[in-house]
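Engineer: For reference, the structure I am asking about is given below.
The values are calculated or read from the model by the stated rules, or taken from the named source; none is laboratory data. As the structure is a prediction and not an experimental result, all values here were calculated from the model. Virtual Cβ from ideal backbone geometry, glycine too; neighbours counted across all protein chains shown. Heads up: the accessible areas ignore ligands, DNA and RNA and are worked out on the full protein's heavy atoms, side chains in. Shrake-Rupley method; radii C 1.70, N 1.55, O 1.52, S 1.80 Å.
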Amino acid sequence: MMEKRLYKSNENKMVDGVCGGIAEYFQIDPTVVRLGWILFCAMGGSGFLAYIFAAILMPRRQEF
């Protein structure tokens, strides 16, 4: 059984693929995740900081 992992997206990528990777993990539209991220950014900037942390910590999916 294959383990479900969170990776940055290589296909649904605007800046670094973080929102696309989260959307692929939860199997939802990446636009919904991006709009949610914008909402968090508008609420005191916490979304911007969270995006930076996620971009650093989330690994990129290796294509074989």
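Engineer: Within region 8-27, can you find the residues that are buried (at least 17 other Cβ atoms within 10 Å of the Cβ) and part of a loop (DSSP other than H, G, I, E, B)?
Structural biologist: Ser9, Asn12, Asp16, Gly17
Engineer: Answer yes or no as to whether Leu35 is under 14 Å from Leu6 (Cβ atoms) and open to solvent by 70 Å² or more (accessible area, probe 1.4 Å).
Structural biologist: No: the conditions fail for Leu35.
Engineer: Name the residues in region 51-64 that are part of a loop (DSSP other than H, G, I, E, B) and open to solvent by 70 Å² or more (accessible area, probe 1.4 Å), would you?
Structural biologist: Hits for region 51-64 are Arg61, Gln62, Glu63, Phe64.
Engineer: A further question follows. Evaluate region 28-50: report whether one residue or more is part of a helix (DSSP H, G or I) and in contact (Cβ under 8 Å) with a residue 40 or more places away in the chain.
Structural biologist: No; the residues of region 28-50 include none that is part of a helix (DSSP H, G or I) and in contact (Cβ under 8 Å) with a residue 40 or more places away in the chain.
Engineer: Could you check region 1-52 and list, in sequence order, the residues that are aromatic (Phe, Trp, Tyr) and under 11 Å from the mean Cα position of the chain (by Cα)?
Structural biologist: Tyr7, Tyr25, Phe26, Trp37, Tyr51
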